[in-house]
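Just below is one structure, and these are the notes that go with it.
The values are calculated or read from the model by the stated rules, or taken from the named source; none is laboratory data. Source: prediction; values computed, not measured. Cβ placement follows ideal geometry from the backbone for every residue including glycine, while neighbour counts extend to all protein chains displayed. Ligands, DNA and RNA are excluded from the accessible area calculation, which covers all protein heavy atoms including side chains. Shrake-Rupley method; radii C 1.70, N 1.55, O 1.52, S 1.80 Å.
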Amino acid sequence: MTKLFISDLQGKDEVESIFLVKIFNTMEDKSGKKYFNLILTDSSGEIEARLWNYASEIENTITKNCFVKVRGKLNFYQGRKQFIINHIQKIDQTDVSIDDFVMKSVEDPEVMYKRLLKIVDSLSDVYIRDLLRSIITDGEIARRLKIWQAGKSIHHAYKSGLLEHILSCTELALVVSKHYRANENYVVAGCILHDLCKIYELTDGMNVEYTEEGKLVGHLVKGLEIVDRYSYKIKNFPHYMKMHLKHILLSHHGEFAYGSPKIPQTAEAYLVHLIDLMDSKMGTIEQVKKNDSTTGHWSGFVKHLDRIVYKSDLPYYPEYVQEEEFQERAEVKVALSPKPIQRNQPEPKTSLGKMLGNFKIED
Ligand SMILES: [Fe+2]
Ligand SMILES: [Fe+2]
């Protein structure tokens, strides 16, 4: 059977394909009849799904993280895409091509890794350059860095997402350090090392979980261990430099409430925190724009960003446009404005509800 990807699902025709069950809940309607509430995924995204019929008969055969062959139709519920399943059947992992179900970075990990090494080699501080080189060229660290996710489900939560996030932060570090006249050696080191120990904090594969070390120690403190372990191998590694590197790692979450035992107290530590924050939020926005299944301009509520997101491209005019055309494009803006008030006439009492009465954002 040809695999039909979630991003290609559209129209009302009945379709059949294989998906991975990411979330699975058995619910009951008002009359006590059981139904399934699922999130199905593949490498192209995820979609909500419902099974209204015969749920109680197959309740024990479907589980979270199993592969299912489903037949059904696409539906739109409260502006969101939803897959209504008519038939569902669990299938064996050996019958699927795993690559079809693993979300991965659009960038080649080998290319990203080389770009990172090049930045390390360009650093002017010999100790920081040697330290970073010895850490990221360690065989096991390099292997994990190329494939690990940056998180379980929030930002850069896909294969090689950690390397993508680290490289993105590091490239930003070069630009921002110059702009604010901070020491780029430390900012680059912080951007490379701040989340590196997620390779010990999280498992790899399709169902990423926290490891025992992740739950008990975490990537901030584990980062200190790595700095100690590799700096001891470098002759005369300066003590004060190590202390400042450790401060950057410990403080990169920015606030006590987010797990940092210290808040950033150097310009370099503060920059690493801000770059990390920016890249994680922008990474989430990118994912929402790509994967959110709500129809129209707006996404559903995004918990990590605490807001809904405008998904469409913003108006852009490389050339002047004719007045009529401009008016047409500005339709929404005009519809929102109250009618101009004539001079010498009493101001009408217009409620906000009336003003917005005709306002409609078109899908
Ligand atoms: Fe972190
Ligand atoms: Fe990060």
Taking only the alpha-carbon positions of the range 1-143 and ignoring solvent, what does the Debye formula give for the base-10 log of I(q)/I(0) at q = 0.14, 0.20, 0.22 Å⁻¹?
-0.71, -1.16, -1.35
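When the convex hull of the Cα atoms of the range 231-281 is projected onto a plane and the area is averaged over all directions, what value comes out in nm²? Could you put the intermediate results ahead of the total?
Working: hull surface 16.5 nm².
Projected over every direction and averaged, the Cα hull of the range 231-281 covers 4.1 nm².
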Ordered by residue, what ³J(HN,Hα) values in Hz, to whole numbers, does the range 146-158 give under the Karplus form 6.51 cos²θ - 1.76 cosθ + 1.60, where θ = phi - 60° and Gly and Pro are x?
6, 10, 5, 7, 7, x, 6, 8, 8, 10, 6, 8, 8
A 1.4 Å probe over the protein heavy atoms gives the chain a carbon and sulfur accessible-area percentage of 52
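Could you calculate the FRET efficiency of residue 236 with residue 290 from 1/(1 + (r/R0)^6), where r is the beta carbon distance between them and R0 is 56 Å, rounded to 0.05? Show your work: numbers first, answer last.
On the way: r = 48 Å, r/R0 = 0.86.
Once rounded, the FRET efficiency stands at 0.70.
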Just the ratio, please: alpha-carbon radius of gyration of the range 175-249 over 2.2 N^0.38 Å, N its number of residues.
1.28
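Normalized C-alpha radius of gyration of the range 142-196, against 2.2 N^0.38 Å?
1.20
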What angle, in degrees between 0 and 90 and rounded to the nearest 10, separates the Cα long axis of helix 126-136 from the longest principal axis of the Cα atoms of the chain?
60
For q = 0.17, 0.32 Å⁻¹, what log10 I(q)/I(0) does the range 207-259 give under the Debye formula with an equal point scatterer on each alpha carbon and no solvent?
-0.63, -1.21
Approximate shape of the range 36-80 as ellipsoid semi-axes (Cα gyration tensor, √5λ), whole Å, largest first
19, 15, 9
Using Cα-Cα distances under 8 Å and only pairs 6 or more residues apart, what relative contact order does the chain have, in percent?
11
On each of the three principal axes the extent of the alpha-carbon atoms of the chain, given in whole Å and largest first, is 76, 73, 39
Pick out, in residue order, every one of the trypsin sites (Lys or Arg not before Pro) in the range 157-208 that is DSSP loop and has at most 16 other C-beta atoms within 10 Å; say none if there are none.
181
Rounded to the nearest 10, the angle in degrees between the Cα long axis of helix 161-179 and the longest principal axis of the Cα atoms of the chain comes to 70
Qualifying GluC sites (Glu not before Pro) for the range 241-301 [loop in DSSP, other Cβ within 10 Å: at most 12]
255
Let me see the P(r) profile for the range 64-198: every Cα-Cα distance counted, bins of 5 Å, each bin given as a percent of all pairs.
2, 9, 15, 16, 14, 11, 8, 7, 7, 6, 4, 2, 0
Could you pull the Cα extents of the range 178-297 along its three principal axes, largest to smallest, in whole Å?
59, 39, 25
Between residue 102 and residue 34, what's the calculated FRET efficiency when r is the beta-carbon distance and R0 is 35 Å? Round to 0.05.
0.65
Percent of alpha carbon pairs in the range 92-141 separated by more than 18 Å?
51
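How much length is gained if the chain between residue 312 and residue 12 is pulled fully straight, taking 0.36 nm per residue apart and subtracting their Cα-Cα distance, in nm to one decimal? Please list the in-between numbers first.
On the way: separation 300, 0.36 × 300 = 108.00 nm, distance 2.38 nm.
Extending this stretch completely gives an extra 105.6 nm.
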Please compute the length gained on full extension between residue 110 and residue 52, using 0.36 nm multiplied by the number of residues separating them and subtracting their Cα-Cα distance.
16.3 nm
Using a Förster distance of 45 angstrom, determine the FRET efficiency expected from the C-beta separation of residue 124 and residue 255, and round it to 0.05.
0.90
Tally Lys and Arg at +1 and Asp and Glu at -1 over the other residues with C-beta under 12 Å from the C-beta of residue 253: what net charge comes out?
-2
Tilt of helix 267-291 relative to the longest C-alpha principal axis of the chain, in degrees (0 to 90, nearest 10)?
30
